[in-house]
Amino acid sequence: MHCPFCQHSDTRVIDSRVSEDGATIRRRRGCEACGERFSTLEMIELKLPAIIKSDGRREAFDARKLRVGFDRALQKRAVSEEKIEAAVRAVVHQLRMTAEREIESRRVGGFVMDELRKLDHVGYVRFASVYRSFEDVADFREELDRLERELPGEGQLPLLGGVADGGKGKKR
C-alpha cells in the first residue's frame, strides 16, 4: 500500500479491526519513510449480475436503487432502518447466490417482494401495485386476498377492516 502523504511504497499494518457485520476490515497503517499514519478500509468485492430491464436494456446493479425502492414502499411505515438494511442485504445476498452474470429485473422484483412481505404488508402491497402494474381496485383486492390467505395472523394489523368493525378485518 502506497503512503498517501509521501507515496512511499512500503507501509506496515499497525492494527486491524473487523466491522460488526464482518464485511469490512479497517486497518491502521504507518509509513516507514515519513512516519505518517492513515487508515484503510478493506471490503470484499463481488461482481453482482447485470440487470436486464423489461425493455431489454442491460445495466449494472445499483444498490442505491434497491434501497430507494424499499424506502418508497415503506414510506411513513413503522419499519426500523436496521430491518430495511437487513432486507436490502438479503436481496443482495440472493443476487450473489444466483451466480449468474445477468438477471431479469422481474426476478429482482420478486426478491424484493419476498422481503417486503416479511417486513410490512402495506409496503408489500405498495410495491406490488407498481411491480405488477395494477390496473384497478379489483387487482388490489385480489392481491390483498392472496396476502391474507398466505399470511394469517403474523402480528401485523389486518390489511382490511375499518372503524366500523373495530379493525378486526371483517369484510363488509
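Numbers for the structure displayed
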item: Count - residues of segment 117-131 that are closer than 21 Å to Phe61 by Cα and surrounded by 15 or more Cβ atoms within 10 Å (Cβ to Cβ); result: 3
item: Selection count where residues are in contact (Cβ under 8 Å) with a residue 24 or more places away in the chain, part of a helix (DSSP H, G or I) and among the acidic types (Asp, Glu), scope segment 108-149; result: 1
item: In segment 14-39, the residues that are over 30 Å from Ala86 (Cα atoms) and either surrounded by fewer than 11 Cβ atoms within 10 Å (Cβ to Cβ) or over 33 Å from the mean Cα position of the chain (by Cα) (or both); result: Ile14, Gly30, Cys31, Glu32, Ala33, Cys34, Gly35, Glu36, Arg37
item: Among the candidates Ile14, Ile103, residue that is modelled with pLDDT of 95 or more and under 30 Å from Glu150 (Cα atoms); result: Ile103
item: Checking Ser54 against (1) among the hydroxyl-bearing types (Ser, Thr, Tyr); (2) surrounded by 14 or more Cβ atoms within 10 Å (Cβ to Cβ); (3) within 22 Å of the chain's Cα centre (by Cα), the condition it does not meet; result: (2)
item: Which numbered condition Asp114 misses (of (1) over 22 Å from Asp21 (Cα atoms); (2) among the acidic types (Asp, Glu); (3) surrounded by fewer than 14 Cβ atoms within 10 Å (Cβ to Cβ)); result: (3)
item: One residue from Arg17, Arg26, Arg37 being free of Cβ contacts under 8 Å to residues at least 12 places away in the same chain and not hydroxyl-bearing (Ser, Thr, Tyr); result: Arg17
item: Gly22, sole failed condition from (1) of a type in the set (Gly, Ala, Ser); (2) at pLDDT below 95; (3) farther than 28 Å from Arg101 by Cβ; result: (3)
item: Residues located in segment 57-95, provided they are closer than 25 Å to Ile25 by Cβ, exposed (fewer than 14 other Cβ atoms within 10 Å of the Cβ) and either acidic (Asp, Glu) or touching a Pro at 6+ places or on another chain (Cβ under 9 Å) (or both); result: Asp62, Glu81, Glu82, Glu85
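The values are calculated or read from the model by the stated rules, or taken from the named source; none is laboratory data. Values in this document were obtained by computation on a predicted structure and should not be read as measured data. Neighbour counts run over all protein chains shown; Cβ positions are idealised from the backbone, glycine included.
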